[in-house]
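**Student:** My structure is below; once you've seen it, I'll send some questions.
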Protein chains: 2
Amino acid sequence: MTNRQWLLASYPQGPASLETWTLQDAPMPEPGPGQILVRTRWLSLDPYMRGRISPAGNYTKGVGVGEVMQGGGVGEVVASRHPDWKAGDLAEAMTFGWREFAVLTPDMPGSAKVNRVDPDLAPPQATLSWLGMTGLTAYVGVLEIGRPRPGDTMVVSAASGAVGQIAGQIGKLCGARVIAIAGSDDKLDWCRKIGFDETINYKTSNDLAGALASLAPGGVNVFFDNTGGPIHDAVMRNLAVAARVVICGRIALADNFEQDDIGLRASSRLIVTRAMVQGLVVFDWWHKRDEAFARLAAWHRSGQLTTREDILDGFERVPEAFLRMMNGRNFGKQLVRVA
Amino acid sequence: MTNRQWLLASYPQGPASLETWTLQDAPMPEPGPGQILVRTRWLSLDPYMRGRISPAGNYTKGVGVGEVMQGGGVGEVVASRHPDWKAGDLAEAMTFGWREFAVLTPDMPGSAKVNRVDPDLAPPQATLSWLGMTGLTAYVGVLEIGRPRPGDTMVVSAASGAVGQIAGQIGKLCGARVIAIAGSDDKLDWCRKIGFDETINYKTSNDLAGALASLAPGGVNVFFDNTGGPIHDAVMRNLAVAARVVICGRIALADNFEQDDIGLRASSRLIVTRAMVQGLVVFDWWHKRDEAFARLAAWHRSGQLTTREDILDGFERVPEAFLRMMNGRNFGKQLVRVA
């Protein structure tokens, strides 16, 4: 019995493609003492993974050429040499990688820890989206950095995306007026359906900064930025005094690691507005997991948090799902149902 | 008896020049009830004043064409209709303007208040530099936003300037290693003399980012930015994880209000480093004045704070002093001794 896995074939120059990875049959791994063997059920596709397949410096170690692609997943324990885990248990971890079976070490610190999935709380794949890293990112980004107040105007870029959809809804719970920016009317219609107040299609708007100025005449108090690039500049031109800007993602330039990102320098606007800009990496906020998941679960149960997944079926489609997410063709959290 | 005053002749396109203002003889003003008449002794020249002679939006109202140029000063009361002020008292205020005599209203709120100068505490003009707005700017910028810790590396741009010299010395008091950036070796020699650890002459350095990387191999923990522009970009390329960036000034592009400031977008570096960038306008921190001045005075007395002024003599030289400051030809806080 073999274990299929996707290996990084080469660092992409520019956008990744189906050729970026190769499918390999590997021998079935065996768990050592304190380890578990899991069968992958779900894999998570996230923008941060583009940074892992670049040789550029980043906040954590990337994937080497010829190594198994990194990525989080959910799976079922099929063999255990750990006293607390038994066959049939469901496990979620950042360390699955793109493979059908993985050996995991549950007792790892911080973000490498293997987490138990409670199937009664939510569908297991929720631990990869709103009840997992994605939800935690939105939760701490909004509540710890953006800190919207009732009456604030909050802008979310990539607003229908995995993080954006949750960030905007938490903004609404804080009493903010939320402006969604996304790249299709379908996505924006859905943003309205889940309660966002205003929408801007950045692909069809000729003057994004002007559109924002119309929708936010008093300025933008909180900006939850998932894209970077020209959308970022347009919002920065519209900051209110004492605004807070959460730099969560940079999907607009996700394929560019080598060249400088040239655009509007924010300094002058930051002085005029005394605004604050802060970068967010969710791993710094791991200590907030229990709090975040309890709140997110309660909001989900009560109907105050609606989420949407974009699911492809089949292990062989993982690279396709990655490209789909990178190109913004996903509509909601991008997942692959492996088995 | 007449009162000479400098009026704004026109908004400068690009750099201001001696033609930006015209000298006018006005009638001697008379104080109304609750007001005082002061004779200007010192005037303060500061980069923020460039923003006041632009029609571009800013954090406060600017000078209209034909109006008296705004600016802070120190003077002696020559007539008083306020019960708490008498002839001979020394007054400091942001509202002197470029005129030999001014009528001031002591009981104004916030930054418009007229402050009593204690000549026994320090030379009166200190209330325009280290014991005034300049000192408060450095104090809150470093201690409230930059927050250096012992062992941190802190970079100060325009390091020998009015704010920079104080910011760097407060950084030293916090236990930080301070790297000074300035535009002449004379200025940098003095920065070393007052205790800064390392220096970079941005005018003679071919590779500012590289020079910083050599001097700060562990990255820059605190960046106190007085310049904006390419110096800003070079430091942003060298931020450490969890760095704090104080955007205090933008003298490098002070004459540019109409065009976009194009350069390095910080987003990617901010994600990788989870750094925080915040704009500073001193008027937000007026409530910290008493604390700041008490500490600054104590440090000055004990020899832990050394300051340097750049003084021109004569009311007719105020525009010249302004241009000197804008061009970086000043060496320390730029002042004019009026009488």
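**Student:** Averaged across B:276-286, how many Cβ atoms of other chains sit within 10 Å of each residue's Cβ atom?
**Tutor:** Details: counts 6, 10, 9, 16, 3, 6, 0, 1, 3, 1, 0.
Averaged over the peptide's residues, the number is 5.
**Student:** Excluding residue B:4 itself, what net charge comes from residues whose Cβ is under 14 Å from its Cβ, given Lys and Arg +1 and Asp and Glu -1?
**Tutor:** Its environment carries a net charge of 0.
**Student:** Mind pulling the per residue volume of the convex hull built on the Cα atoms of segment B:236-325? Å³ is fine.
**Tutor:** In segment B:236-325, the Cα hull volume divided by residue count equals 193 Å³.
**Student:** Most mobile of A:21, A:42, A:85 per a Gaussian network model of chain A (Cα springs, under 10 Å)?
**Tutor:** A:85
**Student:** Compute the relative contact order of segment A:133-283 as a whole-number percentage, counting only Cα pairs closer than 8 Å that sit 6 or more residues apart in sequence.
**Tutor:** Computed over segment A:133-283, the figure is 23 percent.
**Student:** At q = 0.24, 0.28, 0.30 Å⁻¹, what log₁₀ I(q)/I(0) does segment B:272-333 have when each alpha carbon counts as one equal point scatterer in the Debye sum?
**Tutor:** Each listed q maps to, in turn, -0.97, -1.01, -1.07.
**Student:** While we're on this one: What is the Cα centroid distance between segment A:39-78 and segment B:69-120, reported in whole angstrom?
**Tutor:** With segment A:39-78 and segment B:69-120 each reduced to a Cα centre, they are spaced 65 Å.
**Student:** If each residue of separation counts as 0.36 nm, what is the full-extension length gain between residue A:284 and residue A:311 once their alpha-carbon separation is subtracted?
**Tutor:** So the chain would gain 6.9 nm between residue A:284 and residue A:311.
**Student:** Related question: By its C-alpha gyration tensor, with a ≥ b ≥ c as the square roots of the eigenvalues, how is segment B:133-283 shaped: rounded for a/c under 1.5, else prolate for a/b larger than b/c, else oblate?
**Tutor:** Verdict is rounded for segment B:133-283.
**Student:** Given the options B:222, B:281, B:155, state which has the largest fluctuation in a GNM of chain B using a 10 Å cut-off (strictly under) for Cα springs.
**Tutor:** B:281
**Student:** Set the Förster distance to 22 Å, then compute FRET efficiency between residue A:260 and residue B:149 from the Cβ-Cβ distance, nearest 0.05.
**Tutor:** Details: r = 30 Å, r/R0 = 1.37.
Plugging the Cβ-Cβ distance into 1/(1 + (r/R0)^6) gives 0.15.
**Student:** Still on this structure, I have one more. Go ahead and set up a Gaussian network model of chain B, Cα springs under 10 Å, then flag whichever of B:17, B:80, B:268 fluctuates most.
**Tutor:** Evaluated over chain B, the most mobile residue of the options is B:268.
**Student:** What value, in deg cm²/dmol to 500, does the helix sum -39500 (n - 2.57) over DSSP H runs of n ≥ 4 give at 222 nm once divided by the residues of chain A?
**Tutor:** Helix-only estimate at 222 nm: -6500 deg cm²/dmol.
**Student:** Could you please point out the chain A residue with its Cβ nearest to the axis of the rotation taking chain A onto chain B, and the distance in whole angstrom?
**Tutor:** A:277, 2
**Student:** Neighbour counts of other C-beta atoms within 10 Å: give me A:172, B:61 arranged from fewest to most.
**Tutor:** Exposure proxy ranking, most exposed first: B:61, A:172.
**Student:** What fraction of the Cα pairs in chain A, stated in percent, has a spacing above 26 angstrom?
**Tutor:** Looking at chain A, the distances longer than 26 Å represent 48 percent of pairs.
**Student:** Enumerate the amide H contacts of residue B:178 below 5 Å, restricted to partners 5 or more residues apart or on another chain; note that Pro and chain-start residues carry no placed amide H.
**Tutor:** Those qualifying (amide H under 5 Å, at least 5 residues apart or on another chain) are B:154, B:197, B:198.
**Student:** Which distances, shortest first and in nm, link residue A:64 to the matching position in the other copies, using label points set 7 Å out along Cα to C-beta?
**Tutor:** From this label point to the equivalent ones elsewhere in the assembly: 7.2 nm.
**Student:** Quick one: order B:103, A:74, A:282 by neighbouring beta-carbon count within 10 Å, fewest to most.
**Tutor:** Working: B:103 18, A:74 26, A:282 23.
The most exposed by this proxy come first: B:103, A:282, A:74.
**Student:** Below 8 Å between Cα atoms, with a sequence gap of 6+, how large is the relative contact order for chain B in percent?
**Tutor:** Relative contact order, chain B: 17 percent.
**Student:** For residue A:9 and residue B:17, FRET efficiency with R0 = 56 Å and r from the beta-carbon atoms, rounded to 0.05?
**Tutor:** Computed FRET efficiency for residue B:17 and residue A:9: 0.35.
**Student:** For segment B:128-196, how big is the tail of P(r) above 18 Å, as a whole percent of Cα pairs?
**Tutor:** 30 percent
**Student:** Inter-copy label distances at residue A:302, 7 Å along the Cα→beta-carbon direction, one decimal in nm, shortest first?
**Tutor:** Result for residue A:302, in nm, nearest copy first: 5.2.
**Student:** If you don't mind, there's one more thing I want to ask. Ranked highest first by average number of other Cβ atoms within 10 Å, how do B:328-338, A:293-303 line up?
**Tutor:** Working: B:328-338: 21.6, A:293-303: 15.3.
The densest-packed peptide leads the list: B:328-338, A:293-303.
**Student:** Expressed as a whole number of Å, what is the distance separating the alpha-carbon centroids of segment A:278-318 and segment A:252-267?
**Tutor:** The distance from the Cα centre of segment A:252-267 to that of segment A:278-318 comes to 27 Å.
**Student:** So what's the convex hull volume per residue for the Cα atoms of segment B:68-148, in Å³?
**Tutor:** 110 Å³
**Student:** Give the value in nm², to one decimal: projected area of the alpha carbon convex hull of the protein assembly as shown, averaged over all directions.
**Tutor:** Orientation-averaged projected area of the Cα hull: 32.8 nm².
**Student:** Okay, moving on. Mind listing the long-range amide H neighbours of residue B:244? Cut-off is under 5 Å, sequence gap 5 or more, other chains count too, H placed in the peptide plane at 1.01 Å from N.
**Tutor:** Residues meeting the criterion, in which the H sits 1.01 Å from N, are B:222, B:223, B:276.
**Student:** Taking the Cβ of each residue in B:11, A:48 as the centre, tally the other Cβ atoms inside 10 Å and list the residues starting with the fewest.
**Tutor:** Working: B:11 16, A:48 21.
In order of increasing Cβ crowding within 10 Å: B:11, A:48.
**Student:** I've got another one for you. Please report, for residue B:339, the nm distances (one decimal) from its label point, 7 Å out from Cα along the beta-carbon direction, to the equivalent points in the remaining copies, shortest first.
**Tutor:** Taking the point 7 Å beyond Cα along Cα→Cβ, the inter-copy spacings are 9.2 nm.
Throughout, read-outs are computed from the coordinates displayed, never taken from laboratory work. The structure displayed is predicted, hence computed values, not measured ones. When we count neighbours, we look across all protein chains shown, and the Cβ atoms used for this are built from the backbone with ideal geometry, even at glycine.
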